[in-house]
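Have a look at the structure below, then the notes.
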Amino acid sequence: MSEEPLLKIINVTKEFVKGGLFSSKKAVRAVDSVSLEIGMVENVALVGESGCGKSTLGKLTLGLLKPDSGQILFEGRDIWTLKKEEFSNFRRNAQIIHQDPYTSLNPVRTIFQSLAPPLIRNKEVPDSKAAYERLKELLTMVGLTPPEDFLNRYPARMSGGQMQRIILARAVSLRPKYVVADEAVSMLDASLRLGAVDLMLELQKKFRVSYLFITHDLGIARYFILKGRGKIAMMYLGSIVEAGEGDSVIQRPIHPYTRVMMTAISVPDPKLTRSRPLPSLRSLDVPRLEQVPSGCKFHPRCPYAEKICEEKVPELRAFDSRLVACHFAERFVN
Amino acid sequence: MEFRVPRGILKAVDNLDLDVYNDEVLGLVGESGCGKSVLAHTILRIVDPNGRIAGGKIMFQGKDILSMSKEELRRFRWKEIAIVFQGAFNSFNPVIRIFEHMLDTTYAHDEKASKEEIVKRSKELMRMVRLDPDAVLVRYPHELSGGMKQRAVAAMAMLLDPKLLILDEPFSALDVLTQKFFMKTLVDIRRETRKSMIFITHDLAQVAEIADRVAVMYGGVIVEAAGVEDIFYKPRHPYTRALLKAVPSIVGSIDELKPLPGPLPDPVNPPPGCEFHPRCPHRIDICSRVRPKLEQVDDVSLVACHRWRELN
């Protein structure tokens, strides 16, 4: 497709200042020169371990944080150069689903009291009565029936699975084009997780949204991407190290970090998981964000590291339909 | 074990039978709220103020833990059975060194221990969990990484050489690589010491990695228990089957995956009969009336389902 992607992240960097009261101030680079595109009605599963910067990147794409350098283009326009009205229009088009559904809603308001005002304020519906009808439709769509029952309930009177459905309904209620799902199903029980992902993809078809699906769980990322459409991007210490269509990153990992991860993850198959060798690593410890290694950030742990890896930051380069940031990627292709 | 909650009585663990054998790693799996942590606490008689153990027996080598006096229990804990609580590695006292934790823990259960012995034992254990004793024992907790703290807690649990070690979600806050290495360490420790372990988790993949036998919990009861390969390759209970199909992994076809319908049971008002029947695709009339007994299938396998024979 030659058309402009919905969201374009260009060379974005975000630093936070840590310390100051008892220790000297230090800049922590949570997101480091990241570039990424998300097409219309397409998905990116952003996978990484805690502290790798995936949530920060998500917030940057929503305009909740301002990048120190680089640009976020939404429908071709830099979101930080938009006029006030255009910016609020953007915010309406870009929504977020948080990890914990219970802390996402005001506990002393009923579901209706929480979900109706945005609809009226954004002129989706003329009045409260129309909002009630619209919300009834939405709740039915996410499988909460009869909807009247749920609209008048308080969050504390619902299960985690039901709350997550409410939050999904709220996220699409203003018909956004882009939704960041930040560990949106991680809090749910194993038996409910797939159902929530299926529902997200169903809503995608109806509302034509694109998702940035942020997770630490490669299994659920794979399910999401194979059932939907899009790519998986692996993040390590603030940078994207590898990205590819479908589950190619999982099936044929190229970057040493991704390769190590794939052999380290336990799988629910006793014979298979016990037969997989321990990954060879030079160091087990993840470097602290305050002292990110020079050159390739993975080099102190990488079993294949050479001199250049300490000195030069590897670029994210294209291999067929894959992007890999490794000086020796050629060696690992195939 | 039941708890008084505002809505009534919550039976977190309900008429449950379970054996743990010598020299085995028993994986206890279930979703949140199924009662697996409560069961672990009950084994050591750790009871919240609103809870009580309403009945039953917990026999450990011929002695009933539930009828021990307080003093007996204090000496019994840690020496015979030790537990590593969920998130325990965040519970270190931040102002004392790791070695002082070792001292305090030992004295709490065995006041006659000598300091030299504790030093010797601590060093041994540190090596066992693959930590450098000279570097780690003199450190304060904040100077260690999450994985190191978790390993230090495991070492602490083994100070009095318990025969049974209970580990509640020991890997959940660790990154994938640290997880993998810590699992291998536990497997090695088990091989060297022949201890029994109860390993509690919600993650089926972790159980596949280290358990010899697996018990599956749902709604406060064990619905199935069997050797690890049987659980994964020949599951008998419909819940075990459904759960295995609902967990996505980095291997296998996603076409076989299927979400489980319906919500988890309400523990205050559990469904009558089999707890799983409202979500079970194979339910028949009897399932909503009679609670199935845990039946012996063969030497090691147990299942609680009215229809396990015909569904096999």
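All of the numbers you see were taken from the coordinates with simple rules; none came from a lab. Only a predicted model underlies this, so the values are computations on that prediction, with no experimental measurement involved. Using ideal geometry, Cβ is built from the backbone for each residue, glycine included, and neighbour counts are taken over all protein chains shown.
Counting only other chain Cβ atoms within 10 Å of each residue's Cβ, the peptide B:240-253 averages 6. Structure note, pairs B:LYS36/B:LYS293; B:LYS11/B:LYS180; A:LYS25/A:LYS84; B:LYS79/B:LYS123; A:LYS227/A:LYS297; B:LYS112/B:LYS163: Cα-Cα distances above 24 angstrom occur for B:LYS11/B:LYS180; A:LYS25/A:LYS84; A:LYS227/A:LYS297.
Within the same chain, aspartates and glutamates fewer than 8 places from A:LYS83 are excluded, and of the rest, those with a Cα less than 18 Å from its Cα are A:GLU75. Annotation: peptides A:59-71, B:154-166, ranked by per-residue average of other Cβ atoms within 10 Å with the highest first, follow the order B:154-166, A:59-71. Put simply, the amide H of A:ILE97, placed in the peptide plane, has neighbours under 5 Å in A:VAL180, A:ALA181, A:ASP182, leaving out anything fewer than 5 places away on its chain.
Neighbours of B:GLN179, meaning other residues whose beta-carbon lies under 13 angstrom from its beta-carbon, give a summed charge of -3 when Lys and Arg score +1 and Asp and Glu score -1. Averaging Cα coordinates gives a centre for segment B:42-57 and one for segment B:187-235; these two points are 23 Å apart. In this structure the amide hydrogen of B:VAL25, modeled in the peptide plane, comes within under 5 Å of the amide hydrogens of B:MET197, B:ASP212, B:ARG213, none closer than 5 places in sequence on its chain. Dipole magnitude for chain B: computed about the Cα centre from +1 point charges on Lys and Arg Cβ and -1 point charges on Asp and Glu Cβ, it is near 380 debye.
Quick one: order B:LYS258, A:LYS307, B:LYS11 by neighbouring beta-carbon count within 10 Å, fewest to most.
By the 10 Å Cβ count, ascending: A:LYS307, B:LYS258, B:LYS11.
For the protein assembly as shown, what is the calculated [θ] at 222 nm in deg cm²/dmol (nearest 500), taking -39500 (n - 2.57) for each run of four or more DSSP H residues and dividing by its residue count? Could you put the intermediate results ahead of the total?
Numbers: 24 runs with 217 residues, N = 646.
Using -39500 (n - 2.57) per qualifying helix, the result is -9500 deg cm²/dmol.
Note on B:171-177: average number of Cβ atoms from other chains within 10 Å of each residue's Cβ is 6. Charges were assigned to the Cβ only: +1 to each Lys and Arg, -1 to each Asp and Glu. The resulting dipole of segment B:181-311 about its Cα centre is roughly 200 debye.
Evaluating kT/(6 pi eta Rh) at 4 °C and 1.567 mPa s, with the Kirkwood radius of the protein assembly as shown over Cα pairs in the Stokes-Einstein relation, gives 48 µm² s⁻¹. What is chain A's relative contact order, in percent, from Cα pairs under 8 angstrom and six or more apart in sequence? Reported relative contact order: 19 percent. Taking other C-beta atoms within 10 Å as the exposure proxy, A:ILE232, B:ILE46 rank B:ILE46, A:ILE232 from fewest upward. Diffusion coefficient (Stokes-Einstein, Kirkwood radius over C-alpha pairs, 25 °C, 0.890 mPa s) for segment B:101-223: 157 µm²/s, rounded to a whole number.
Between A:ALA45, A:ALA130, A:SER35, the Cα set farthest toward the positive side of the dipole of segment A:35-168 (charges on each charged residue's Cβ, about the Cα centre) is that of A:ALA130.
Express the Stokes-Einstein translational diffusion coefficient of segment B:188-257 in µm² s⁻¹, to the nearest whole number, given a Kirkwood radius over alpha-carbon pairs, 37 °C and a viscosity of 0.692 mPa s. Reported coefficient: 247 µm²/s. Simple point charges give the picture: +1 on the Cβ of Lys and Arg, -1 on the Cβ of Asp and Glu, and for segment A:185-255 a dipole about the Cα centre of about 280 debye. Per-residue packing, averaged as other Cβ atoms within 10 Å, sorts the ranges A:201-212, B:115-126 into the order A:201-212, B:115-126, beginning with the highest. Per residue of B:179-191, other chain Cβ atoms within 10 Å of the residue Cβ number 2 on average. Note on B:TRP308, B:TRP78, A:TRP80: ascending count of other Cβ atoms within 10 Å places them as A:TRP80, B:TRP308, B:TRP78, the fewest first. Since only B:SER145, B:ALA211, B:ALA225 are under comparison, the one whose Cα sits farthest along the positive direction of the charge dipole of segment B:138-232, derived from C-beta charges on Lys, Arg, Asp and Glu, is B:SER145.
Dimensions of segment B:75-168 along the principal axes, based on C-alpha atoms and rounded to the nearest Å, stand at 32, 30, 24, largest first.
Taking every C-alpha pair closer than 8 Å and separated by at least 6 residues, the mean separation divided by the residue count of segment A:113-266 gives a relative contact order of 14 percent.
In chain A, if the dipole is taken from +1 on Lys/Arg beta carbons and -1 on Asp/Glu beta carbons about the Cα centre, which of A:SER55, A:SER239, A:VAL313 is farthest to the positive end? It is A:SER55, whose Cα lies furthest towards the positive end.
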